[in-house]
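Structure first, then comments.
The values are calculated or read from the model by the stated rules, or taken from the named source; none is laboratory data. All values derive from a computational prediction rather than experimental measurement. Every residue, glycine among them, receives a Cβ derived from its backbone with ideal geometry; neighbour counts consider all protein chains shown.
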Amino acid sequence: MRRQVAEGDSRVPRRTGHAAAARRIPRPRVLRRALVDDRGLETAEYAIIAGMILTGLLAVVLVLGRWVRREVTQLKTGVGA
């Protein structure tokens, strides 16, 4: 949305586009502060651990499922069903 400039107003309306995007680039001080700040890392670590546990459980369930299917098939074959 463009701001209308009244006659005699010496203020220049803000430009949008590439110049506005260039102003949003993080400064080195902001990046340095973000690298030093360790708030929230515990949450990320817990999320990674939870993901690893879920992946392990999924693998166990898949392996057990295949084993149970194979055993039931062998049982049905042995019984003659």
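Mind telling me which of the residues ARG23, ARG33, ARG66 ends up being modelled with pLDDT of 95 or more and among the charged types (D, E, K, R)?
It is ARG66.
Under 7 Å by Cβ, and 6 or more places apart or on different chains, what pairs join a residue from the stretch 38-52 that is at pLDDT below 95 with one that is among the aromatic types (Phe, Trp, Tyr) and surrounded by 10 or more Cβ atoms within 10 Å (Cβ to Cβ)?
Short answer, once both residue conditions are applied: none.
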